[in-house]
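Nothing in this text is a laboratory measurement; each read-out follows from the coordinates by a stated rule. Treat the numbers as computed from the prediction; the structure is a model and nothing was measured.
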Amino acid sequence: MGAHFNEAIRLSFLGQTEQALTVVNMQWLMFYPCLYFFALWDGFKEAQAEAPLYSFIPFACCAYFVTVGIMYSPVLSIRGIFLGPIWLPMLSVIPGLIIGMLIQHYLVKRIHSAK
């Protein structure tokens, strides 16, 4: 659509992250994480007979961290390597997932210990 996301992915996979940044429309790109992770959560939820308690939290945290990764992608380099608008948001899934799972685990433990 308006983000030119596929072209940015192609350029990033070819190592042309600076050019990927010039091609992508950041305003459109920031729309993708929430939609994508909602769709993932919905599929996860529907694939199980009963979804685990607070199963949406890791997905919501990933959407948040990826969106923040998109916002910082034009200005952030790691050890002099410019990751660009595709790789930095993709790497942001890792802390989002870890923090989301920790929050989910904490809430489940707290609820079950209160009962």
Q. According to the Cα gyration tensor, what semi-axes, each the square root of 5 times an eigenvalue, does the equivalent ellipsoid of the chain have, listed from largest to smallest in whole Å?
A. 32, 16, 10
Q) What number, rounded to the nearest 500 deg cm²/dmol, is the helix-based mean residue ellipticity at 222 nm of the chain, given -39500 (n - 2.57) per DSSP H run of at least four residues and division by all its residues? A) -22000 deg cm²/dmol
